[in-house]
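To keep things clear, I will list the structure first and then write my remarks on it.
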C-alpha cells in the first residue's frame, strides 16, 4: 500500500476521544465532573502556582544553595578548524557572519573562538574574536591568516 494524502491516518491508539464531563450521572462524570466535592480545586477559575506543593516546603526551597554564577562570564561559540576546512574553498575570507550563513554557528551575535581540532590544507583568511595557539599555527602553516576581531569599547561618561 502506497502512503498518500487520501489514505493518511493516525497510528492505532494515538488519538483519544475527548473527555466530556458534566453530562449526567450515566456518563460517570456527571454532577461534580470528576473534580470531587468542595475545596479549591473543585471551583472554577482555580489555577495552582508553579512549584506549589500544597503547603509542603517546595523542592526548590528544600535543596541547598550551592556555588556561584558569574554574571559577567564570557560565552564563546566554538568552531574547529576541521569544520572550516570541510565547508570553505581555498582563499576564502571566513567571518562569523559567513559561518552563520552556512549554518556552522547558530548565533552571529556571540564571540567566536577557533579551535585547533583537525587539519587545514587550504589557505584561508579567517577572522574571529579569538584563536587557540594550535589553530593559529595550523592556519599560518597552510598559508592563511588569522585575524582577531576587536570589539569596539563604548566609553561611559
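The values are calculated or read from the model by the stated rules, or taken from the named source; none is laboratory data. Remember, it's a predicted structure, so these values are computed and weren't measured experimentally. Neighbour counts are summed over all protein chains in view; Cβ atoms, including those assigned to glycine, are modelled from backbone coordinates with ideal geometry.
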Original post:
Looking at region 42-64, which of its residues are within 27 Å of the chain's Cα centre (by Cα) and either under 26 Å from residue 21 (Cα atoms) or touching a residue at least 60 places away in the same chain (Cβ under 8 Å) (or both)?
Top reply: 49, 50
Original post:
If we keep just the residues of region 121-157 that are in contact with a strand residue (DSSP E or B) (Cβ under 9 Å, 6 or more places away or on another chain) and in a loop (DSSP other than H, G, I, E, B), which is modelled with the lowest pLDDT?
Top reply: 151
**OP:** Collect the residues in region 103-117 that are closer than 16 Å to residue 82 by Cα, within 18 Å of the chain's Cα centre (by Cα) and in a loop (DSSP other than H, G, I, E, B), keeping them in residue-number order.
**Re:** 103, 104, 105
Subject >> Close pairs from region 1-29: first farther than 28 Å from residue 44 by Cβ, partner in a loop (DSSP other than H, G, I, E, B), Cβ under 8 Å, at least 6 apart >> reply: 7/1
Original post:
Only one of 67, 22, 51 is out of contact with any strand residue (DSSP E or B) (no Cβ under 9 Å at 6 or more places or on another chain), outside any helix (DSSP H, G or I) and either closer than 30 Å to residue 129 by Cα or at pLDDT 95 or above (or both); which?
Top reply: 67
Subject >> Residue check, residue 84 at pLDDT 90 or above, outside any helix (DSSP H, G or I) and within 30 Å of residue 138 (Cβ to Cβ) >> reply: no
Original post:
residue 73 versus (1) in contact with a helix residue (DSSP H, G or I) (Cβ under 7 Å, 6 or more places away or on another chain); (2) surrounded by fewer than 10 Cβ atoms within 10 Å (Cβ to Cβ); (3) under 30 Å from residue 146 (Cα atoms): which is the lone unmet condition?
Top reply: (1)
